[in-house]
1. Counting only residues that are in a helix (DSSP H, G or I) and over 20 Å from K221 (Cβ atoms), which one in the range 241-281 is modelled with the lowest pLDDT?
2. Determine whether the range 290-306 contains at least one residue that is outside the structural domain of Y15 (by TED's automatic domain parsing), in contact (Cβ under 8 Å) with a residue 60 or more places away in the chain and in contact with a Cys (Cβ under 9 Å, 6 or more places away or on another chain).
3. Give just the number: which of (1) assigned to a strand (DSSP E or B); (2) loosely packed, with under 15 Cβ neighbours inside 10 Å does E324 not satisfy?
4. Quick one: W136 ticks every box in (1) within 15 Å of ligand 1 (Cβ to nearest atom); (2) of a type in the set (A, V, I, L, M, F, W, C); (3) assigned to a loop (DSSP other than H, G, I, E, B) except a single one, so which number is it?
5. Sort out which residues of the range 120-143 are under 23 Å from Q190 (Cβ atoms) and within 14 Å of ligand 2 (Cβ to nearest atom), and write them in order of number.
6. So if I check each of K6, K48, which one is away from ligand 2 (no atom under 13 Å from the Cβ), at pLDDT 95 or above and of a type in the set (K, R)?
7. Is at least one residue of the range 181-189 part of a helix (DSSP H, G or I) and of a type in the set (D, E)?
Amino acid sequence: MLIDYKGACHIHTDYSDGKISIPDVVTSAQDADLDFIILSDHNTLLPKQDGWEGWHDNLLVIIGVEASPRYSGHFLALNTQPLCGNGDVDLSRYEHMSSRDCLDDALDYGSTTYIVHPLGIRKKNFLLNLGGWHDWERNGFAGIEIWSYLHDWLEDLKISNFLHFCKNPNRHIKGPNPTLLSLWDRLGQQRKVVGISGLDAHLRKIPFAKKPLFTYTELFKTIRTHVLIDGELSTSDEAISTICQAHKEGRCYISFDLLEDATGFTFVANTAKRTYCMGQEFFTSGEEVHYHTSTPYPATIKLRKDGKLCAEREGSTLEFSSREKGVFRIEAYINNKPWIFSNPIYVR
Ligand SMILES: [Zn+2]
Ligand SMILES: [Zn+2]
């Protein structure tokens, strides 16, 4: 039986530009009842060398890195043991390299890579200018960050609504950007591309404000990635590779758990012979495939094939049968608010 472990990805600490120490991040994640966190400081694996990776009571800490070239797109690299094994924890050279060269470098070391905030962001009034990812023909990355808390929040931010956005940040979270979802759907038709979530948490303070914009405990209750694992997690090294492998395979889904904890969400495809779960890819010659979805709370459940809506239902289950090939994935909404985004099942 698959066990659902929930975690938060793309988190910065004071090893780079986050304003929080790792022990404080750990306490915040434990307070938010997370099973794992993936830390990804900019261009450094020093936290890994310093021994922060592994179990901290019931919380598993995984250390990756955010490759952050100054003028082009960023990506997250996991399974970075070889970089660390070579003593190569200082990746500041990435700052002055192109995204393509950084990606080649990380792949040479055997890392699993995920493009983060792929659309980038430009906000002159807030002095924000972060390049997006353009090199989509370059294969090798395992997935993309389809929903980032920070970037969702920043998208519609203006000087005129700034105070409003700061007062109640969660109210302005809209869900994955539609352009990004169509890109993901398009890429998925060519090959498996995993969707992961990110917080891009930094704990930045606004000048003169009493408390930081988003505390980590608050953020950790919002957008999470749930991974499905066959059995209990064990020792640190095994648990880390099990979680990273499930991510890489796309055996995971994303949810905004502040609405309702999505633990227990299911999306499977049944053929006469076997059952396939999220992230799996199989070949058919036109036999019937039955899709089954269930959510732990009633919602508007939408089944999409190659991005297009093919079934929709209000409730806690959705059943659908088809003989067609395509990339099938689920979205669920509670009162029109985005809640769950599954990884696809690929029927080729
Ligand atoms: Zn970044
Ligand atoms: Zn980041």
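1. For the range 241-281, the residue satisfying everything is S241.
2. yes
3. (1)
4. Tallying (1) within 15 Å of ligand 1 (Cβ to nearest atom); (2) of a type in the set (A, V, I, L, M, F, W, C); (3) assigned to a loop (DSSP other than H, G, I, E, B), W136 fails exactly one: (1).
5. G120, G132, W133, listed by residue number.
6. K6
7. Checking the range 181-189: at least one residue is part of a helix (DSSP H, G or I) and of a type in the set (D, E).
Residue-wise test of (1) among the aliphatic types (A, V, I, L, M); (2) assigned to a loop (DSSP other than H, G, I, E, B); (3) at pLDDT below 90; (4) within 16 Å of ligand 1 (Cβ to nearest atom).
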| residue | (1), (2), (3), (4) |
| --- | --- |
| G175 | no, yes, no, no |
| K192 | no, yes, no, no |
| L203 | yes, yes, yes, yes |
| P207 | no, yes, yes, no |
| P212 | no, yes, yes, no |
| E218 | no, no, no, no |
| T225 | no, no, no, no |
| I229 | yes, no, no, no |
| S234 | no, yes, no, no |
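The values are calculated or read from the model by the stated rules, or taken from the named source; none is laboratory data. All of these numbers come straight from a predicted model, not from anything done at the bench. Note: ideal-geometry Cβ built from the backbone for every residue, glycine included; neighbour counts use all protein chains shown.
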